[in-house]
Amino acid sequence: MSTSATLKRTPLFDQHVALGARMVEFGGWEMPVQYSGIVDEHNAVRGAAGLFDISHMGEFEVKGPDALAFLQHVCTQDIAAIGEGMANYSLLCRPDGGIVDDIFVYNLPDGYLVVVNASNIDKDFAWMLDNLHGFNVELTNISDHASMLALQGPAAEGILAQAAGPALAALPFHGVATGMLLGDIPGIVARTGYTGEDGFELFIDDNNAARLWDGLLALGRAAGLKPAGLGARDSLRFEACLPLYGHEIADDINPYEAKLGWAVKLDKGSDFVGRATLAQIKQQGVARKLAGFELTERGIARGGYELRDAAGVHIGEVSTGMPAPSLGKNLGLGLVPAALATEGSELSVVVRDRPVRARVVKTPFYKPRYKK
């Protein structure tokens, strides 16, 4: 593990420390895992609003005459279907169908903005450069000076209306626009997020991050807005069954195994990296599939714990597991044989050398409340 002397810090590090956050290593960054407590912050997002520092995420600009053609080539999603002022989720896949990363693509008036996972910034940028041959594109990694905040929860719209005006607060689901925040901070606002709640992600320059963070917390205090850390971000996305790289998705997991086939547009009219293999996988079916399960005996599933079938045979590992604060249940996710991925299937989780019975349940565990 990296030492604190070598970890990167976002422009909001001092704000986190002043708020009493517990700082931890995450993907090479020193980040807040919690402030008032993971469950308290989780409940704040579900019931009111939470503010997350996600400035560790990576941002790439894709501009030039062939920007659309290039993104069509490297993305599984149909980028041509993302109109200006809109955004959508996509995957980058290897020729063998494994997932390089999951990303969000934003269509702006002057080009595209691609957001990637913090731990994959260098890998993703190198991978995109490797696939740039033949395209007239300006690909720029702006991660080092771009900050991101996520304002999430049912009260997020009202808070953003105060901070940025009613027009930006009225963006449609997955809409994106430029505007002024707190009157004079230029930024990009998108109605996207990673919590299963309505909310917004805000892109600003590093030098404006602290003022925006402080300003939003002040504006939202009366509405119940709280700062939220990585712990609540993980439990919120887990309940909504949103994948996390290195857990539900990875280089050796394909989209159909991860139940992300909906983000693969085989018929979008242009070839893309991994298409041939993914078409074959879709036709043949997969041997394993991501499944959600509920423990039916006392115990908590954690990432990396062994999964067994009803006969006690090893079938995989838990990708993510924890008590779900919104649901009051001990739940988990993991890749299991496709035949066992159906609702009602019985399996067990090995918790401290003891098999604990579990049952496959419908996903997502928590129904997202996006404003559509």
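The values are calculated or read from the model by the stated rules, or taken from the named source; none is laboratory data. Only a predicted model underlies this, so the values are computations on that prediction, with no experimental measurement involved. All Cβ positions, even for glycine, are placed from backbone atoms using ideal geometry, and neighbour counts span all protein chains on display. These accessible areas exclude ligands, DNA and RNA; they are computed on the full protein's heavy atoms, side chains included. Shrake-Rupley method; radii C 1.70, N 1.55, O 1.52, S 1.80 Å.
Annotations
- Single match in R211, R237 (criterion: at pLDDT 95 or above, in a helix (DSSP H, G or I) and open to solvent by 20 Å² or more (accessible area, probe 1.4 Å)): R211
- Residue within the stretch 190-201 that is farther than 29 Å from N330 by Cβ and either part of a loop (DSSP other than H, G, I, E, B) or among the β-branched types (V, I, T) (or both) present: yes
- If only residues of the stretch 335-372 that are crowded, with 19+ Cβ neighbours inside 10 Å and small (G, A, S) are counted, the one that is farthest from T192 (Cα to Cα) is S348.
- Residue in the stretch 284-302 that is more than 17 Å from A240 (Cα to Cα), of a type in the set (S, T, N, Q) and at pLDDT 95 or above present: yes
- Verdict on F135 being open to solvent by 20 Å² or more (accessible area, probe 1.4 Å), part of a loop (DSSP other than H, G, I, E, B), in contact with a Phe, Trp or Tyr (Cβ under 7 Å, 6 or more places away or on another chain) and over 20 Å from V176 (Cβ atoms): yes
Residue by residue, here is whether (1) in contact (Cβ under 8 Å) with a residue 60 or more places away in the chain; (2) of a type in the set (D, E); (3) closer than 14 Å to L113 by Cβ holds:
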site: N131; (1), (2), (3): yes, no, no
site: L149; (1), (2), (3): yes, no, no
site: E157; (1), (2), (3): yes, yes, no
site: G175; (1), (2), (3): yes, no, yes
site: M180; (1), (2), (3): no, no, no
site: F203; (1), (2), (3): yes, no, yes
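- Residue check: V351 meets all listed conditions (1) at pLDDT below 95; (2) more than 20 Å from the chain's Cα centre (by Cα) but one, namely (1).
- Enumeration of residues in the stretch 343-358 that are farther than 20 Å from H247 by Cα and either assigned to a loop (DSSP other than H, G, I, E, B) or not acidic (D, E) (or both): E343, G344, S345, R352, D353, R354, P355, V356, R357
Yes or no, residue by residue, for (1) open to solvent by 50 Å² or more (accessible area, probe 1.4 Å); (2) under 21 Å from the mean Cα position of the chain (by Cα); (3) not hydrophobic (A, V, I, L, M, F, W, C):
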| residue | (1), (2), (3) |
| --- | --- |
| S147 | no, yes, yes |
| L171 | no, yes, no |
| L182 | yes, no, no |
| P186 | yes, no, yes |
| Y194 | no, yes, yes |
| D198 | no, yes, yes |
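- L230 being within 27 Å of G111 (Cα to Cα), open to solvent by less than 50 Å² (accessible area, probe 1.4 Å) and either hydrophobic (A, V, I, L, M, F, W, C) or without any contact (Cβ under 8 Å) to a residue 24 or more places away in the chain (or both): no
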